[in-house]
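Q: Input: one structure, supplied below.
The values are calculated or read from the model by the stated rules, or taken from the named source; none is laboratory data. Keep in mind it's a predicted model, so treat the numbers as computed, not measured. Positions of Cβ are generated from backbone atoms using ideal geometry, with glycine treated the same way; all protein chains shown enter the neighbour counts.
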Amino acid sequence: MSGLLVLHRVWRASFFALACGGLFAAPTSADDSTAQLGAGGLLFTKADSIRMASEDLYLSPKAVRIRYGFVNDGPNDVKTIVAFPLPDIDSYEFYGEGIGTVQSDPVNFVGFRAIVDGKPVPVQVEQRAFYKGRDVTAQVKAAGLPVNVLLAGNSDLIARLPKDRIAALIKADLIEDEGAEGDHSYAAKWLVRTKFWWTQDFPAGKTVIIEHSYKPVTGQAFFTETDLNATPGTQDDYWKKTYCMDQGTLAQLARQLAAQKKSNTMDGMMSASSTDFILRTANNWKGGIGHFHLTIDKLSPGNTLSLCHFDDIRKTGPTTFEVTRENFAPADDIRVVVLSTRPVPF
């Protein structure tokens, strides 16, 4: 997996992009939106002879499940590290803002699980802190802080440190006091880099089935009449442009917004749940993906789904849509938005 991190700063009033070996973009201007993290596929330390024969991907705002079939086409068995890195989290830019639908564990905050050939795999985890390209993990831990301070207490946790440790962190430029007139409010300034990994055998000429699942960090925002009627090329046109909303989708959203306004529900707005998946890393494998099957679940029949690049996707159930590709070399990542007339659609 490379990483796509899409986020929106509320009180800093800025959009920005970060990189974790991947691509970043900025979302809507809704004042109380939360950030989303786009995770993706697996990385191997050496994979010249390993082919991704198949990938079966299930994607929804609350769950991602992937089933791969990897084939070792080489004459020799291969033992290699399989890694699932999460996108970098910039502690400074996220200060004061929630990160999507994270879980309580500050290390495995997406609930990552792996299964190989039907058996659960004990996964190792590495979480480190980086600042201006330097590994500062030791300094952070020596001060008595967790690497992922955002999900472990943030400013309040830093404020409880002894004053000499706070002063040392400020001197090292690892934290900043953004308070005023003695009202301290500390922001960490390092990147959080999390990677799950294990060692895997790939016997020559054999297929190995690797499955993994996690809860996506789905962003939350609102979709309004301003977004619906936005002029192309303006900032308000983010939703229509980013998620390729066609005329049929826009007509349905117009009806739903009108009903919301008439019933005075949610102040005439709709909730927008945006979920990303990094797909282009599949091109690292020989021949891309042999057989690719995608299922997207909008979770409720009344929800509205929109995405780009899969014009031939077909509805296969009350909430599911599916598409298949053969010998697939994806040119784009997957970005999905689910719009709902309810505050939280899942």
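Q: So V323 passes all but one of these: (1) aliphatic (A, V, I, L, M); (2) closer than 21 Å to S271 by Cβ; (3) in a strand (DSSP E or B). Which condition number does it fail?
A: The single condition V323 does not satisfy is (2).
Q: Restricting attention to the range 117-125, does a residue exist that is at pLDDT below 95 and either crowded, with 21+ Cβ neighbours inside 10 Å or touching a Ser or Thr at 6+ places or on another chain (Cβ under 6 Å) (or both)?
A: No: the range 117-125 contains no residue that is at pLDDT below 95 and either crowded, with 21+ Cβ neighbours inside 10 Å or touching a Ser or Thr at 6+ places or on another chain (Cβ under 6 Å) (or both).
Q: Quick one: how many residues across the range 331-345 are more than 16 Å from P301 (Cα to Cα) and over 18 Å from the mean Cα position of the chain (by Cα)?
A: Looking only at that region, the number is 1.
Q: Now for a different question. Determine whether A258 is without any contact (Cβ under 8 Å) to a residue 24 or more places away in the chain and either of a type in the set (A, V, I, L, M, F, W, C) or surrounded by fewer than 17 Cβ atoms within 10 Å (Cβ to Cβ) (or both).
A: So A258 passes the test.
Q: Taking S306 and the conditions (1) within 16 Å of P330 (Cβ to Cβ); (2) under 21 Å from the mean Cα position of the chain (by Cα); (3) modelled with pLDDT of 90 or more, which numbered condition does it fall short on, given that it satisfies the others?
A: (1)
Q: For the range 158-175, indicate whether the set of residues that are under 29 Å from V64 (Cα atoms) and either loosely packed, with under 14 Cβ neighbours inside 10 Å or among the charged types (D, E, K, R) (or both) is non-empty.
A: no
Q: Continuing with the same structure: Being outside any strand (DSSP E or B) and modelled with pLDDT of 95 or more narrows it down to one residue among P345, P318; which is it? Give the steps one after another, and end with the answer.
A: Working: P345 fails: modelled with pLDDT of 95 or more.
Being outside any strand (DSSP E or B) and modelled with pLDDT of 95 or more holds for just one of P345, P318, which is P318.
Q: Considering only residues of the range 228-246 that are of a type in the set (A, V, I, L, M) and over 27 Å from A63 (Cβ atoms), which is surrounded by the most Cβ atoms within 10 Å (Cβ to Cβ)? Walk me through how you get there before you give the answer.
A: Here is the first cut: in the range 228-246, the ones of a type in the set (A, V, I, L, M) are 228, 230, 245.
Retained after the next criterion (residues that are over 27 Å from A63 (Cβ atoms)): 228, 230.
Working: L228: 19, A230: 17.
Filtering the range 228-246 for residues that are of a type in the set (A, V, I, L, M) and over 27 Å from A63 (Cβ atoms), the one surrounded by the most Cβ atoms within 10 Å (Cβ to Cβ) comes out as L228.
Q: Please name all residue pairs, on different chains or six or more residues apart, with Cβ atoms under 7 Å, provided the first residue is in the range 131-160 and is at pLDDT 90 or above and the second residue is in a helix (DSSP H, G or I) and not hydrophobic (A, V, I, L, M, F, W, C).
A: A143/R165; G144/R165; V147/T137
Q: In addition: Of all residues in the range 261-285, which are modelled with pLDDT under 90, farther than 24 Å from P87 by Cα and either in contact with an Asp or Glu (Cβ under 9 Å, 6 or more places away or on another chain) or buried (at least 16 other Cβ atoms within 10 Å of the Cβ) (or both)?
A: K261, M266, G268
Q: Give the number of residues within the range 185-227 that are in a helix (DSSP H, G or I) and either surrounded by fewer than 18 Cβ atoms within 10 Å (Cβ to Cβ) or on the phi > 0 side of the Ramachandran plot (or both). Don't jump to the end; show me each part of the working.
A: Narrowing the range 185-227 to residues in a helix (DSSP H, G or I): 225-227.
Still in the running and either surrounded by fewer than 18 Cβ atoms within 10 Å (Cβ to Cβ) or on the phi > 0 side of the Ramachandran plot (or both): 225-226.
So the answer is 2.
Q: Determine which member of the set A282, A331 is part of a helix (DSSP H, G or I) and either of a type in the set (K, R) or under 18 Å from E55 (Cα atoms) (or both).
A: Matching residue, one of A282, A331: A282.
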